[in-house]
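The values are calculated or read from the model by the stated rules, or taken from the named source; none is laboratory data. Here the structure is a predicted model, which is why all the values come from computation and not from measurement. Neighbour counts are summed over all protein chains in view; Cβ atoms, including those assigned to glycine, are modelled from backbone coordinates with ideal geometry.
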Number of protein chains: 2
Amino acid sequence: MKIFLDELNYLLDAAGVLTGKDTAAYCLDQRRRYQGAALAVARPRSSTEVAAVVQLCARHGVAIVPQGGNTSLCGGATPDASGAALILSLERMNQVLEVDADNNTITVEAGAVLADVQAAARAANRLFPAEWAAAGSCRIGGALATNAGGVNVLRYGNMRELTLGLEVVLASGEIWNGLRGLRKDNTGYDLKQLFVGSEGTLGVITRAVLRLYPLPTAHATALVAVDDPTAAVDLLRGVQAAVGDRVTSFELISRPCFELLAKQCPNLPHPFSPLPEWAVLVELSDGGDSHVLTDQLAEVLHIMGCDHALLAQNSRQAKDFWRLREHIPEAQRREGVSIKHDISVPVGNIPAFLNECGHQLQLAFNDAVIIAFGHLGDGNLHYNVFRTDKTSALYADEPMVNDIVYSCVADHNGSISAEHGIGQLKRHHLAKYRNPLELALMKKIKQVFDPAQIMNPGKVFID
Amino acid sequence: MKIFLDELNYLLDAAGVLTGKDTAAYCLDQRRRYQGAALAVARPRSSTEVAAVVQLCARHGVAIVPQGGNTSLCGGATPDASGAALILSLERMNQVLEVDADNNTITVEAGAVLADVQAAARAANRLFPAEWAAAGSCRIGGALATNAGGVNVLRYGNMRELTLGLEVVLASGEIWNGLRGLRKDNTGYDLKQLFVGSEGTLGVITRAVLRLYPLPTAHATALVAVDDPTAAVDLLRGVQAAVGDRVTSFELISRPCFELLAKQCPNLPHPFSPLPEWAVLVELSDGGDSHVLTDQLAEVLHIMGCDHALLAQNSRQAKDFWRLREHIPEAQRREGVSIKHDISVPVGNIPAFLNECGHQLQLAFNDAVIIAFGHLGDGNLHYNVFRTDKTSALYADEPMVNDIVYSCVADHNGSISAEHGIGQLKRHHLAKYRNPLELALMKKIKQVFDPAQIMNPGKVFID
């Protein structure tokens, strides 16, 4: 491999190649579940350099692990332990290249940090609506590769729906320039759709043209206690009937989440007393004035009979409500290991899913605590399980818990990965829950784009 | 072929197979440019029957031309003249199978007529937003296969964005069931995206799960004279800044369109006198009351300095404005042959495109009349050209006109087909204006899904 590394060093500048202990931070995933090793980390500065690196890898048969902010929750961006793969980090290709306010588009390099893209849009009086916890560190390439979702999907869609064009370096080292900024383009197969959500297994996304929206000036936020998930779904449809797509977020939070927050994050404001069994965090956004929109939300909640609704009276209070929602994962981390699931079902199936899955878990583990929360408006729940009995080994229950949860998801026509992708974590489950015909078609497509199987091996597929 | 037809008759009921003169209506496209011939028309009643017919064709090497409402504007659904292909009509699979109001989804057979799908959604107090001239006769399968667009794309997206799940009979005769109703599902490659927009070249779409939206109760419509296309783009962004995504349609109409309407459709109401050089038809929709929304639109137009804005005072007047827009193609038909283009460019490039393309056409043909209109909000124009000198042969100028228009589209980073697809009409242009790498990737995908090349041959690709 010395020849390979020499050639790599020749292709890139001094800061372009990391080896040895400098690769450590790139080899461990965010959840610290996958400790890999790498031949080196390549840090190209341009699409041409990416292409040169990929060509070099193709010549030497070296596997490539594309990496953005290394924030995958499924081990999608870290290499295996063999140390034979090259990590291709896009972190130095982090520029916002163009904001086209007339076309409502933004063109960015794949290594651009999500928060920087949001800020560049805002500076042009536009909204880039993708938003989730890792916004400050995740990068657009990774967000695209996992078709990431977040809190605004209800109104604006996933990364897929926010993408108009891509540039991709193929496994052959060729650069495919599909950097179009068109909302209508029916000229053959829509190739970009294959790369979005393919988790780096088909090519390396290097640049993207993304959609922008008018920047809302008014926000209204409420925390609303509801009796149960059925009432939450009814409230969602009632609010939408009244104010349409001004509903941008609709997040479900269960009582155990509030309890955990009170215990592990006592310094946060805890507005409910007593705690409700269930609550939703509703956010509306629109042009105009926040007070007007808040009054409108108050009226709708009143008409819908929501007696226990807390309306944010200003942006600070709204932020406090959101901090509660956003701190649930942190509270879980502090509590200890939990077995996490990022699942979706049709929205109307959420109540039945929660009922049945909860029941089955209680039967199997009478000390199971279920931390269920998330994007009810999209049918996407983060459904996490821990046991109060801490004597069991780390993750020892995971296979059984997963079986219960994913079987229940399948029974309710759902998906075992809503917004985090498959990575390493769920590839065995994918093989089980996707039908063989689909898997066979996927593998044939993989074969077309990456016949030598050098692109992010060991991710998505089990072989 | 007698054996083939015998077997086909055996698979389907008496009304399931048409031959001879009964196939005539299926063999001629809507614009009467492509007169084909067919071995027979198969009219299956279920996905299982479709699969059986496809398996039969695969065994006999018979080409399949899937057909919905036969409303393709590019000859995408009619067979070639050889008479060797089977037309597979989905017209008897026309049922709306389920409306799930909680999940905001509708499940339909591919032969369902768009207007019936809209009506079924409306009956459940929901909106299915796809809308265009052929709504009363086109079918969902064809709309999906061409990723059709229409007047509400600005707010709701194309058919692609409205699709959550598909069932497809593959060229092998296998049935792929991807009928999911999920807004978030990141479990490997998104196969449905390949079929949407593939114009029947990869498989036969048999069922679909589509997105529904809250049904707007308020509409506001205005016809607004503007100085030029630049002013139209400014107005679009100004109105969006004020009322956000309540802007559902934003249609551009040029003076020659109004002149043609006055001449060929004199019984329509003609509200402008004198005629403006350019106008836009703006529609807002929302919950609440139409009067309130109309007042809001009036205020925005006033603030934007639009002195010549006609506001619809009621739904009848709004319909009159829309009838003008919708009758432009009919007025053209009555005037005679025109050379049509369905193109898109980034919205901000529309003014420059119109300027330069118009200039070049006038240089080439000093009697050229340009009928430019369409979905400015999406960057999609219907850009049609006719000559006042009627002595030239039918379509004789077409190659030269196409070259001028499509080169200008390419210069402005646009697409030669925005919402109508490629079909037979544009496949030579596709080969010219898509780059070879893209075409090669498309062909490899085609090879994966249809190795025997029996699915809709002669469409999209030139070989």
* Would you mind stating whether residue A:239 is crowded, with 22+ Cβ neighbours inside 10 Å, β-branched (Val, Ile, Thr), assigned to a helix (DSSP H, G or I) and out of contact with any Asp or Glu (no Cβ under 8 Å at 6 or more places or on another chain)? => yes
* Hey, can you tell me all the residues within the range A:294-322 that are at pLDDT 95 or above and of a type in the set (D, E, K, R)? => A:295, A:299, A:316, A:319, A:320
* Structure fact -> Cβ pairs under 9 Å, 6+ apart or interchain, first in the range B:274-294 and free of Cβ contacts under 8 Å to residues at least 24 places away in the same chain and assigned to a strand (DSSP E or B), second acidic (Asp, Glu) and surrounded by fewer than 23 Cβ atoms within 10 Å (Cβ to Cβ), ordered by first then second residue, are none
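Scan the range B:262-284 and tell me whether some residue there is within 14 Å of another protein chain (Cβ to nearest Cβ) and either basic (Lys, Arg) or crowded, with 23+ Cβ neighbours inside 10 Å (or both).
Taking every residue of the range B:262-284 in turn, at least one turns out to be within 14 Å of another protein chain (Cβ to nearest Cβ) and either basic (Lys, Arg) or crowded, with 23+ Cβ neighbours inside 10 Å (or both).
Do any helices (runs of 4 or more DSSP H) entirely within the range B:376-463 hold 3 or more residues that are touching a residue at least 60 places away in the same chain (Cβ under 8 Å), and if so, which?
B:398-411, B:436-449
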* Hey, any hits in the range A:158-176 for a residue that's more than 7 Å from every other protein chain (Cβ to nearest Cβ), crowded, with 24+ Cβ neighbours inside 10 Å, under 17 Å from the mean Cα position of the chain (by Cα) and β-branched (Val, Ile, Thr)? -> no
* Examine the range B:23-34 for a residue that is among the small types (Gly, Ala, Ser), surrounded by 15 or more Cβ atoms within 10 Å (Cβ to Cβ) and more than 14 Å from chain A (Cβ to nearest Cβ), and state whether such a residue exists. => no
* Structure fact -> Taking the range A:410-430 and the residues there that are hydrophobic (A, V, I, L, M, F, W, C) and touching a helix residue (DSSP H, G or I) at 6+ places or on another chain (Cβ under 7 Å), the one that is farthest from the other protein chains (Cβ to nearest Cβ) would be A:410
* Asked: Of A:142, A:181, which residue is touching a strand residue (DSSP E or B) at 6+ places or on another chain (Cβ under 7 Å), small (Gly, Ala, Ser) and buried (at least 24 other Cβ atoms within 10 Å of the Cβ)?
  -> A:181
* Could you tell me whether any residue of the range A:385-408 is of a type in the set (D, E, K, R), outside the structural domain of residue A:152 (by TED's automatic domain parsing) and touching a helix residue (DSSP H, G or I) at 6+ places or on another chain (Cβ under 6 Å)? => no
* Output the qualifying pairs, or none if there are none: Cβ atoms under 8 angstrom, residues six or more apart or on different chains, first residue in the range B:14-36 and assigned to a helix (DSSP H, G or I), second residue of a type in the set (Ser, Thr, Tyr). => B:26/B:78; B:26/B:89; B:27/B:78
* Asked: Based on what the data block shows, is residue A:218 facing chain B (nearest Cβ under 7 Å) and surrounded by fewer than 20 Cβ atoms within 10 Å (Cβ to Cβ)?
  -> no
* Residue tally, condition buried (at least 19 other Cβ atoms within 10 Å of the Cβ) and either touching an Asp or Glu at 6+ places or on another chain (Cβ under 8 Å) or within 14 Å of chain A (Cβ to nearest Cβ) (or both), over the range B:355-372 -> 1
* Structure fact -> Taking the range A:133-157 and keeping residues without any contact (Cβ under 8 Å) to a residue 60 or more places away in the chain and either more than 10 Å from every other protein chain (Cβ to nearest Cβ) or among the acidic types (Asp, Glu) (or both) leaves A:135, A:136
* Unique residue being touching a helix residue (DSSP H, G or I) at 6+ places or on another chain (Cβ under 8 Å) and at the interface with chain B (Cβ under 9 Å from one of its Cβ atoms) when the list is A:234, A:190, A:228 -> A:190
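Residue-by-condition table, conditions (1) under 26 Å from residue B:339 (Cβ atoms); (2) surrounded by fewer than 21 Cβ atoms within 10 Å (Cβ to Cβ):
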residue: B:401; (1), (2): yes, no
residue: B:426; (1), (2): yes, no
residue: B:434; (1), (2): yes, yes
residue: B:449; (1), (2): no, no
residue: B:455; (1), (2): no, no
residue: B:463; (1), (2): yes, yes
* **Whichever residue in the range B:296-334 is within 14 Å of chain A (Cβ to nearest Cβ) and out of contact with any helix residue (DSSP H, G or I) (no Cβ under 7 Å at 6 or more places or on another chain) and, among such residues, is nearest to residue B:228 (Cα to Cα)** => B:303
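Examine the range A:387-401 for a residue that is hydrophobic (A, V, I, L, M, F, W, C) and within 30 Å of residue A:238 (Cβ to Cβ), and state whether such a residue exists. Write out each step before concluding.
Initial filter on the range A:387-401 (hydrophobic (A, V, I, L, M, F, W, C)): A:393-394, A:396, A:400-401.
Keeping just the survivors that are within 30 Å of residue A:238 (Cβ to Cβ) gives none.
Looking through the range A:387-401, none of the residues is hydrophobic (A, V, I, L, M, F, W, C) and within 30 Å of residue A:238 (Cβ to Cβ).
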* Quick one: how many residues across the range A:130-158 are assigned to a loop (DSSP other than H, G, I, E, B) and within 24 Å of residue B:345 (Cβ to Cβ)? -> 1
* Asked: Looking at the range A:214-230, is at least one residue in the same structural domain as residue A:282 (by TED's automatic domain parsing), touching a residue at least 12 places away in the same chain (Cβ under 8 Å) and in a helix (DSSP H, G or I)?
  -> yes
* Evaluate the range A:196-206: report whether one residue or more is within 9 Å of chain B (Cβ to nearest Cβ), outside any strand (DSSP E or B) and without any contact (Cβ under 8 Å) to a residue 60 or more places away in the chain. => yes
* Listed residues B:447, B:360; which is farther than 30 Å from residue A:100 by Cβ and at pLDDT 95 or above? -> B:447
